[in-house]
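Rule-based calculations on the coordinates, nothing more; no lab input. The structure displayed is predicted, hence computed values, not measured ones. Note: ideal-geometry Cβ built from the backbone for every residue, glycine included; neighbour counts use all protein chains shown.
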2 protein chains.
Amino acid sequence: MLRLSTFPFKTLKTQPKVSDNRSTSILLQWGYIRQCMAWAYEFLPMGHKVLRNIENIIREEMDNAGYHEMLMTILTPRELWETTSRWDIPEYFKVPGWGNSEYRIAPTNEENVTNIFREFIQSYKDLPTCVYHIQKKFRNEKRAKSGLLRGREFIMKDAYSFHANIEDFEVFYEDIKKVYMRVFDRLGIGADTVIADADGGAISDKNSHEFQTFLTIGEDIIVQDSSGYSYNLELASGIADTKNTDEAKKPMEYIDTTADIVTMEKMAEYFHAPLWQCLKTVIYKTDSGKFFSIVIRGDLDVNEIKVTKFIARKYGEWFTQATEEDLIQLGTVRGFATPIRDARLPIENYGDESLMSAHNYFGGSNALAKSTKNVNIEDLDIIEFAEFNEPIEGFTSRNVPGELLTFRRACEVGNIFHLGEKYSKPFGLSFSDENNETVSRVEMGCYGIGVSRLMGVLAEYFMTDTGIAWPESVAPADYYIIVIGEDNIERAMTLAKELESQGKSVILDDRMGGKYGFWQKAADCDLWGIPNRIVISPKTLEKWGYELKKRTEIEGKLINF
Amino acid sequence: MLRLSTFPFKTLKTQPKVSDNRSTSILLQWGYIRQCMAWAYEFLPMGHKVLRNIENIIREEMDNAGYHEMLMTILTPRELWETTSRWDIPEYFKVPGWGNSEYRIAPTNEENVTNIFREFIQSYKDLPTCVYHIQKKFRNEKRAKSGLLRGREFIMKDAYSFHANIEDFEVFYEDIKKVYMRVFDRLGIGADTVIADADGGAISDKNSHEFQTFLTIGEDIIVQDSSGYSYNLELASGIADTKNTDEAKKPMEYIDTTADIVTMEKMAEYFHAPLWQCLKTVIYKTDSGKFFSIVIRGDLDVNEIKVTKFIARKYGEWFTQATEEDLIQLGTVRGFATPIRDARLPIENYGDESLMSAHNYFGGSNALAKSTKNVNIEDLDIIEFAEFNEPIEGFTSRNVPGELLTFRRACEVGNIFHLGEKYSKPFGLSFSDENNETVSRVEMGCYGIGVSRLMGVLAEYFMTDTGIAWPESVAPADYYIIVIGEDNIERAMTLAKELESQGKSVILDDRMGGKYGFWQKAADCDLWGIPNRIVISPKTLEKWGYELKKRTEIEGKLINF
């Protein structure tokens, strides 16, 4: 039992403004956490209790699913990261040891776990298997942000699975989705948590998902329609809203403008035209020096993930944006680049399909202070159209014709993805199959839940005007006993011990003296979000009982001892 | 329930020889742990279960005592360590961040906790208080050793207490000794764990204790007598055994010897004399350049902790051993230094009290290849006698006259010590007392238990020929069910679920096929040290029951369903 009379972690009168989100400020104010330095938090006792409750729910569901908990190291040798060519990632810390030795404090443990399983996977009978651990992770973030939601030091549950083939992986992948949803249900955020398709990087598009909880402070945007379509904006796809396509196409004209209309906004302002009517041309250079452009409606952003995939297929190369020098060499100028046939550049132009949704664009001419108006598809030298845009409000669904896509801010609480043989191959995993033949491809998957991040998400999600109304499953205690009158502490302690013997956790507010009247104590109970409030006072004792009130109730009721 | 049929962490047929102690080899062989790199261990599922059980016992006892659990950061800013002038300690890791920023991965958390309590200690009413956390710690050990017992990465429970005055601290200090002993009792090592006085460094002699568990692989030696005296060898004190004091003192003589008798052993061999009859003279130089010597019986070692304390009182200075150049400058030579009056050096000589226990010593003459024999106290220029030795077998107790001291190897499992204001002062802690006056001295104490180290200690302590007989409190599971016959797995699972509903943990050995007969399974049960073994086989089912055997019993008994 936690007796508040000897509890030193007082709440603050004012909200510290050290964080960029409300829940972290509240967690600071109410003594759940403290900042050790920017983006590294100390969990004070109340915060630690919430954290452990979150952890235990995750642990129980993982254990019930038959996954094995273990504990890998934080300090890892350089060689482990060189095996997978991940040593030189600037966001991962390097730690010098004696002599020339170098270590890494692990940001993730694919290398550890694959190295361990090199020994334990020998036969097809050892597969599939899944292990997990709950431990602190470290990222050398240049500028971390969002309080508990992203930090240099954070607690993760990370799980790793190993499979004899892709079919087996896919069955497992569907199972772990259900395990994750059970976790989020028990944490009370299941109804507002969706499974969104996410970018799987080079390995997999199909098997990469994020668990996203709708929250206005979320860093991500989830795009959905009523068919169940649910994608992270970075991957989302929709049909661009048509603009002035009923307008007749006019012949292209050159016009003298000014040198400073080098952004879409300035261009739109200069022409008194909407953003969408301005043509955006972004020029890129591949690693081998080829140039290409993406042409898109001025109100839309080029989604570089989509471009990357398209170009990888096309040229098999990586690329970066062209420099101003590159542009001059190509014969154009920043702000005035255009793919019009009349002023053709020696590059390949690709058009976003949104271009079809409007007519008579304003654009550049590849010469300074010279623009074009009434530019139409026919005027452009575009060799292929594809989807390069990031959908915006107004786009419609590809699954439900005419239905507007919805866009909601969300916070990522978990992710699951296919690793394929990205790690198992460099570590040389293999096993012998039913016919005793060696199979040298082991499929892996990787599954994360942000434990300390979840504490921030829950705080934000369950925030009320009087405190954080933690769900019972994670509240710092089950019961909060307010005792009025020094003489009644003994009686309250007896009740607390009774509750504890039933496996309940109890905070005993036995603070006495001037400012600790009933209302102060009741306010603190709400503030800490304890689900059940008990009052033991001369009044209740007169009736040989105590008052019990659930947080969700307005009136308490008398319970006899 | 852990089903072994799908458990990939097989045991090894042979014992890996990667560690310098038997228990770590065994823990490796039986799949409890793996080495990620030298002295950093991965805890595989079985090891993780043991670790968590140890952790939970510590947590329960700390919570019962009213101490508050929290969780401090691992990554800490350089400034925190500069506040206490502990940034430049080579055994503590430094971690470069972006730009010039530097962090430390914490080897201990005095700085964190004191920094946090700067805010929370305001009034005498906030004191005393004690917090703890259980977390990994990191030390940049040059050459770690002893497997799990000492590592670069290890798990510690560290607690910190704050007090308004020394009397309050002392009351608390006695209480936490009892809490610690309850922990060690529950872990099954209480009977062989003693509280030994240890070196408190500069802060405190009186309030610095180690909890030492007797083990032959221990790194420490505990010196005891029957009065309850229990000291770490580094601090122990006894009465030197008398040697030839009944022999008549003879006049000192110079003798020509050889240049190579520069160690005690060579000297003893040359003179065909016992080691104790050779005089050892160690010359030191203080930081300000003063020289002094410690003169001691040749079979004893100078204990530098005792010398440090003596010299600190005498000169208020630190010191190091004199170099060969220093010796030449002083007019002597390595191996032949002596404090005899006849060849007086310009230094102050201090004699260990053990010198009185013998007569007629062999010694040097401050000249190369020239020695002395029949040297007696009267021949020496010693300005003060004190205790500078480390006792050895044969020394007797100071408390029980004539009783021989005992010397036993032990392994440190916990330590507690007074920090005084070492940390509270640089962090500027203060509080207002009953009269509302500011008190700027806050007493602190610090209390550690080595969690991962305890796993190694328990493994070593409970080792048997057939496995580690873990006590029930930490065993990886309560029950091990051996099921014979594929058809009976269902029945065994029902029983396992029943046991789990009673809060018991179960390993189900449902492995089938050739090598997994009864004896193999029974051996694995012993090897993993599970306290209760259940057998479900056609034979037991015939009698409508199962066989239950405790590890300590030879015969099991039939229990009906």
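Excluding same-chain residues fewer than 8 positions from A:LYS136, which lysines have a Cα within less than 24 Å of its Cα?
Filter leaves A:LYS49, A:LYS94, A:LYS145, A:LYS157, A:LYS177, A:LYS422, B:LYS49, B:LYS94, B:LYS136, B:LYS137, B:LYS157.
Roughly how many Å is it from the Cα centre of the stretch A:225-267 to that of the stretch B:408-429, as a whole number?
Using only Cα atoms, the two centres lie 67 Å from each other.
Going by amide H atoms built from the backbone, whose H comes under 5 Å of the H on A:ALA322, apart from near neighbours?
Amide H neighbours of A:ALA322: A:ILE283, A:TYR284, A:LYS285.
Name all residues of the stretch B:94-132 having a backbone nitrogen under 18 Å from the label point set 7 Å from the Cα of B:GLU437 along its Cα→Cβ direction, giving them as ranges.
Under cut-off, by backbone N: B:123-125.
Under 5 Å between amide H atoms, partner at least 5 residues away or on a different chain: which partners does B:VAL131 have, H built in plane at 1.01 Å?
When sequence neighbours closer than 5 places are left aside, the close amide H contacts are B:HIS68, B:TYR160.
So what's the protein assembly as shown giving for Rg/Rh, alpha carbon basis, Kirkwood Rh from the mean inverse pair distance? Each step should come with its number before you reach the end.
Values: Rg = 36.8 Å, Rh = 35.0 Å.
Over the Cα atoms of the protein assembly as shown, Rg/Rh equals 1.05.
Nearest 10 degrees, 0 to 90: what angle lies between the long axis of helix B:518-527 and the longest principal axis of chain B (Cα atoms)?
Here the helix axis deviates by roughly 40 degrees.
If the only charges are +1 at each Lys and Arg Cβ and -1 at each Asp and Glu Cβ, what is the size of the charge dipole of chain A around the Cα centre, to the nearest 20 debye? Don't skip to the end; give the middle numbers.
Values: 66 positive and 85 negative charges, 418 e Å.
Roughly 2000 debye, rounded to the nearest 20.
About its Cα centre, how strong a charge dipole does the protein assembly as shown have in debye, to the nearest 20, once Lys and Arg get +1 and Asp and Glu get -1 at the Cβ? Walk me through the numbers before you get to the answer.
Working: 132 positive and 170 negative charges, 107 e Å.
The calculation lands at about 520 debye.
What is the helix-to-structure angle for A:304-315, meaning the angle in degrees between its Cα long axis and the longest Cα principal axis of chain A, kept from 0 to 90 and rounded to the nearest 10?
50 degrees
To one decimal in nm, how far is B:ASN165 from the same spot in the other copies, if labels go 7 Å from Cα toward Cβ? Please give the shortest first.
7.9
Can you say what percent of the DSSP beta bridges in the stretch B:407-561, counting only those with both residues inside, are antiparallel? Round to 5. Intermediate values should be presented prior to the final figure.
Numbers: 17 of 26 bridges.
Bridges in the stretch B:407-561 are about 65 percent antiparallel.
When the dipole is taken about the Cα centre of the stretch A:253-386, and only Lys, Arg (+1) and Asp, Glu (-1) are charged at their Cβ, what size is it in debye, to the nearest 20?
In debye, rounded to 20, the stretch A:253-386 gives about 220.
Name the residue farthest towards the positive end of the dipole of the protein assembly as shown from the options B:GLY467, A:LEU345, B:GLY456, assuming +1 on Cβ of Lys and Arg, -1 on Cβ of Asp and Glu, about the Cα centre.
So the residue we want is B:GLY467.
Calculate the spin-label point distance for A:GLU253 paired with B:ASN56, positioning each point 7 Å from the Cα along the beta-carbon direction, and give it in nanometres.
8.2 nm
List the distances, in nm and shortest first, from the label point of A:ASP487 to the matching label points in every other copy, placing each point 7 Å from Cα along the Cα-to-Cβ direction.
Shortest to longest, the spacings are 7.3 nm.
As a test, work out the antiparallel percent of DSSP beta bridges whose residues both lie in the stretch B:479-560, rounded to the nearest 5.
Values: 8 of 17 bridges.
Bridges in the stretch B:479-560 are about 45 percent antiparallel.
Among DSSP beta bridges whose residues both lie in the stretch A:69-164, state the antiparallel percentage, nearest 5. Don't skip to the answer; put the middle values down first.
On the way: 15 of 16 bridges.
Of all bridge pairs located within the stretch A:69-164, approximately 95 percent are antiparallel.
Under 12 Å from a point placed 7 Å out from the Cα of A:ARG334 along the Cα-to-Cβ direction: which residues of the stretch A:249-284 have their backbone N that close?
Output list for this probe position: A:262-263.
Taking the Cα centroid of the stretch A:118-191 and of the stretch A:483-551, what is the distance between the two, rounded to the nearest whole Å?
40 Å
Could you tell me which trypsin sites (Lys or Arg not before Pro) in the stretch B:200-259 are loop residues by DSSP with no more than 16 other beta carbons within 10 angstrom of their beta carbon?
On the way: sites: B:LYS206, B:LYS243, B:LYS249; in loops: B:LYS206, B:LYS243, B:LYS249.
Filter output for the stretch B:200-259: B:LYS206, B:LYS249.
Place a point 7 Å from Cα of A:MET512 in the direction of its Cβ. Which residues in the stretch A:458-487 have their backbone N less than 19 Å from it?
Under cut-off, by backbone N: A:481-487.
Given a Förster radius of 45 Å and the C-beta distance between B:GLU269 and B:LYS13 as r, what FRET efficiency does 1/(1 + (r/R0)^6) yield to the nearest 0.05?
Values: r = 48 Å, r/R0 = 1.07.
Once the sixth-power term is evaluated, E becomes 0.40.
Starting from a label point 7 Å past Cα on the Cβ side, list the distances from A:GLY99 to the same position in the other copies, nm, shortest first.
The projected label point of A:GLY99 is separated from its counterparts by 3.6 nm.
Please give the FRET efficiency for B:ALA386 paired with B:THR466, using the beta carbon to beta carbon distance and R0 = 45 Å, rounded to the nearest 0.05.
Values: r = 53 Å, r/R0 = 1.17.
That gives a FRET efficiency of 0.30.
If you filter the stretch B:307-351 for GluC sites (Glu not before Pro), then keep DSSP loop positions with at most 16 other Cβ within 10 Å, what is left? Before the final figure, lay out the partial values.
Working: sites: B:GLU317, B:GLU324, B:GLU325, B:GLU348; in loops: B:GLU317.
In loop regions of the stretch B:307-351 (DSSP not H, G, I, E or B), the sparsely surrounded GluC sites (Glu not before Pro) are B:GLU317.
So between A:GLN321 and A:GLN29, what do we pick up on full extension, going 0.36 nm a residue minus the alpha carbon distance? Write out the running numbers ahead of the final one.
Values: separation 292, 0.36 × 292 = 105.12 nm, distance 4.47 nm.
Answer, rounded to one decimal: 100.6 nm.
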